[in-house]
Amino acid sequence: MKIDQCFKIGYVSKTHGLKGEVTVNTLPECPDLTSIKTLYLSDNLIPHFIETISVKGDKAYLKLEGINKIEQAAQLKGASLYLPKSERPKLEKGRVL
C-alpha cells in the first residue's frame, strides 16, 4: 500500500500506562475506531493490529499487538496513523471537512 492510497486519522501523542498503551489524538475525518482492526503507522505504513481500544471524544487509548512495554510505546510518540481510503466514512450531502 502507498501513502496516496491512505488518509490520516490522527497521531500518537503519548504513552498511556505501563503496559504499552498509547494515547491517540484523532482528526475530524477519523471513522469510529471501535470497528477498526488494523492501523498503519508513519509514512512507511507499518501495519499494527489493535488489541484493545477506548475512545473518549477526540482521544483514543490503544493497546497495539506486540507493544507490551512503556519503552516500546514511547518509540511510537509522534507517529501518524493512517487507514486505507476504502475505509473513509461517507460524508453527508453538502458536508465538507
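The values are calculated or read from the model by the stated rules, or taken from the named source; none is laboratory data. Note that the structure is a prediction, hence the values are computed from the model and not measured. Note that we place each Cβ from the backbone using ideal geometry, even for glycine, and neighbour counts take in every protein chain shown. These accessible areas exclude ligands, DNA and RNA; they are computed on the full protein's heavy atoms, side chains included. Shrake-Rupley method; radii C 1.70, N 1.55, O 1.52, S 1.80 Å.
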Check: Stokes-Einstein at 4 °C, 1.567 mPa s, Kirkwood radius from Cα pairs: D for the chain in µm² s⁻¹?
Finding: 95 µm²/s
Next item on the list: Round to a whole angstrom and tell me the spacing of the C-alpha centers of the range 10-37 and the range 40-67.
Entry: 5 Å
Next item on the list: Once you have the Cα-Cα distance between Lys14 and Glu29, take 0.36 nm times their residue separation minus that, and quote the gain in nm to one decimal.
Entry: 3.3 nm
Check: On the accessible surface of the chain, probed at 1.4 Å, how many percent belong to carbon and sulfur atoms?
Finding: 51 percent
Margin query: Please compute the modelled spin-label separation between Lys56 and Asp4, points set 7 Å along Cα→Cβ, answer in nm with one decimal.
Written below: 4.1 nm
Next item on the list: Quickly work out the Glu71-to-Lys37 label distance, labels modelled 7 Å from Cα along the C-beta direction, and quote it in nm with one decimal.
Entry: 3.2 nm
Notebook entry, point to check: Setting aside same-chain residues fewer than 8 positions from Lys56, which aspartates and glutamates have a Cα under 13 Å from its Cα?
Noted result: Asp32
Next item on the list: Please compute the net charge surrounding Ile9, taking Lys and Arg as +1 and Asp and Glu as -1 over other residues with Cβ under 13 Å from its Cβ.
Entry: 0
